[in-house]
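Okay, so here's the structure we're looking at.
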Amino acid sequence: MKIGILQTGYVPEEMMDSHGDYPQLFAGLLAGHDFTFQTWAVVDGAFPSGPNDADGWLITGSKHGAYEDHAWIPPLETLIRQIVAADRPLVGICFGHQIIAQAMGGTVEKFSGGWAIGRQTYDFDGTTRTLNAWHQDQVTHIPTTAKRLASNDFCENAALIYGRYAFTVQAHPEFDARFIEGLAEARGRGLVPDAQIDTALADIANPVDNAALSAQIAHFFHHRTPS
């Protein structure tokens with residue numbers, strides 16, 4: 001099964017050699033599930049010819065806001081709606097979660113409650129999942145076609161399911177402890193309160209459920225349901 005990765009941002013340059021970029025992170029996360037991958041850097045204006053260029057689609061994270069005025073965001077929203085109309089499975093992670101919600105009629109905002117970074121625990125429809133997160137923006141109103149699948153006290157709409165069409169997650173199942181540590185130094189200091197960064201770094205050695213989310217994403221691509 002061919003998965004088209006729609007890349008909406010880049011890993012910090014100083015982390016590229018040690019971690020790779022988003023396409024490598026997702027290829028590693030989804031290894032062993034019978035996928036091949038092709039990437040389009042939509043953040044640079046490189047788009048597929050249409051939704052049929054891949055069997056399924058995945059939208060990455062980004063440092064950008066879904067509500068910001070970038071030339072590539074309106075055509076990405078159009079492509080999202082085309083993918084849904086073409087009945088191709090669609091997965092969104094962090095920014096991907098947000099831009100899919102926005103394209104489908106929801107609202108994304110910079111959350112007044114601040115940042116979530118490092119390990120966060122969510123209720124996934126009755127199952128506890130702990131994942132790494134790195135975000136301030138949130139989906140504050142979900143589209144009418146979406147159902148809330150996960151939440152916690154900080155992030156009400158932490159995962160959404162759109163029938164058989166899309167599965168989106170605010171957290172980052174592709175991020176491990178080393179990646180969070182690198183982000184804290186590359187993008188965190190001066191943006192996120194130092195005390196919050198220090199708390200997150202003190203906790204990063206504890207386990208996360210990346211493998212479980214990888215299995216849910218793969219199951220969704222193959223069967224149109226995350227479980």
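What follows draws every value from the coordinates through simple rules; no lab data is involved. This structure is a prediction, so every number in the text was calculated from the model and none was measured. Methodologically, a virtual Cβ is constructed for each residue, glycine included, from the backbone with ideal geometry; neighbour enumeration extends over all protein chains shown.
Annotations
- Enumeration of residues in the range 41-78 that are in a loop (DSSP other than H, G, I, E, B) and among the polar types (S, T, N, Q): Ser49, Thr60, Ser62
- Residue count, the range 178-190 (criterion: surrounded by 12 or more Cβ atoms within 10 Å (Cβ to Cβ) and either polar (S, T, N, Q) or within 13 Å of Trp115 (Cα to Cα) (or both)): 3
- For the range 198-212, the candidate set comprises residues that are among the β-branched types (Val, Ile, Thr) and in contact with a strand residue (DSSP E or B) (Cβ under 7 Å, 6 or more places away or on another chain); within that set, the residue that is surrounded by the fewest Cβ atoms within 10 Å (Cβ to Cβ) is Ile204.
- Count - residues of the range 176-227 that are hydroxyl-bearing (Ser, Thr, Tyr) and not in a helix (DSSP H, G or I): 2
- Meets criteria (of a type outside the set (Asp, Glu), in contact with a Ser or Thr (Cβ under 6 Å, 6 or more places away or on another chain) and assigned to a strand (DSSP E or B)) for Arg129: no
- Residue count for the range 1-40, restricted to those that are without any contact (Cβ under 8 Å) to a residue 40 or more places away in the chain and part of a helix (DSSP H, G or I): 6.
- Candidate set from the range 159-175 (those that are outside any strand (DSSP E or B) and among the small types (Gly, Ala, Ser)); member that is farthest from Cys94 (Cα to Cα): Gly163
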